[in-house]
Amino acid sequence: MNNRVLKMNVGFLLHASSGTSNDSMLDFPDVQLSDEITLNYIRGNLRMSRTKEGILVQSHLETAFDDACFRCLDPIQHVLTLDIEELFAFNSAAETEFRIGEDAVLDLGALLRAEALIEQSHRALCKPDCKGLCPECGANWNYETCSCSDDAIDPRLAILKTLLEK
Ligand SMILES: [Zn+2]
Ligand SMILES: [Zn+2]
């Protein structure tokens, strides 16, 4: 899905009095936010409220993107739960990085892109107890066992061992 679905027309709220709010549910599959980030789904609620400075966005969303487990490198869905409270301001005077466009469009994509970029830098695991890869042979310890750790004795220790045995 194109990220255009995240461009909300808020014209109706701009003309409403301060305090007016609008609730909606979001449920989108596969939204491409940028060349680098595609969210596999976006689900949750969205409240947009008219304030004096702009539109306050409050949202609880669950989304996910494709990632790799940082221990075993298996492909995973990196799930992201977002509690958003962000003001989209009318003018540049207000201290916010998000604004409502001239065309009365509020772009949630910009906000989600920022959140996803932060989350991408966080390491995710395929499961909490992922066993990872063997540093010797690369075997994925979640699926197989290898004999590396059993009889892997550092060569220097091996010499010591033979000396001790004499
Ligand atoms: Zn893993
Ligand atoms: Zn191994």
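Coordinate-derived values only; no laboratory data. Please read these numbers as outputs of a predicted model, since none were measured by experiment. As a convention, Cβ positions derive from the backbone with ideal geometry for all residues, glycine included, and neighbour counts pool all protein chains shown.
The table for this structure:
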item: Segment 31-123: equivalent-ellipsoid semi-axes (sqrt of 5 x gyration tensor eigenvalues, Cα, Å); result: 29, 13, 11
item: Segment V5-L56, extension gain: residue separation times 0.36 nm, minus the distance between their alpha carbons; result: 16.5 nm
item: HN-Hα J in Hz across segment 40-47 - Karplus 6.51, -1.76, 1.60, θ = phi - 60°, x for Gly and Pro; result: 6, 6, 9, 9, x, 10, 9, 10
item: V105, V10 arranged by Cβ crowding within 10 Å, fewest neighbours leading; result: V105, V10
item: Segment H122-L82, length gained on full extension (0.36 nm per residue, minus Cα span); result: 13.0 nm
item: Residue-by-residue Karplus 3J(HN,Hα) for segment 113-129, coefficients 6.51, -1.76, 1.60, Hz, glycine and proline x; result: 4, 4, 5, 5, 5, 5, 5, 4, 7, 8, 7, 10, 10, 5, 7, x, 9
item: Relative contact order (percent, whole number), the chain, Cα cutoff 8 Å, 6+ residue spacing; result: 18 percent
item: Gyration tensor over alpha-carbon atoms, segment 1-53, equivalent ellipsoid semi-axes in Å; result: 27, 12, 8
item: Long-range amide H partners of D74 with built H, under 5 Å; result: C69
item: Low-density loop cleavage sites - GluC sites (Glu not before Pro) in segment 1-105, where at most 13 other Cβ are within 10 Å (DSSP); result: E36, E95, E97, E102
item: Debye intensity ratio in log₁₀ form over the Cα atoms of the chain, taken at each q of 0.18 Å⁻¹; result: -1.09
item: Exposed chymotrypsin sites (Phe, Trp or Tyr not before Pro) absent: longest stretch of the chain, with sites in DSSP loops and at most 14 other Cβ within 10 Å deemed exposed; result: 71-142
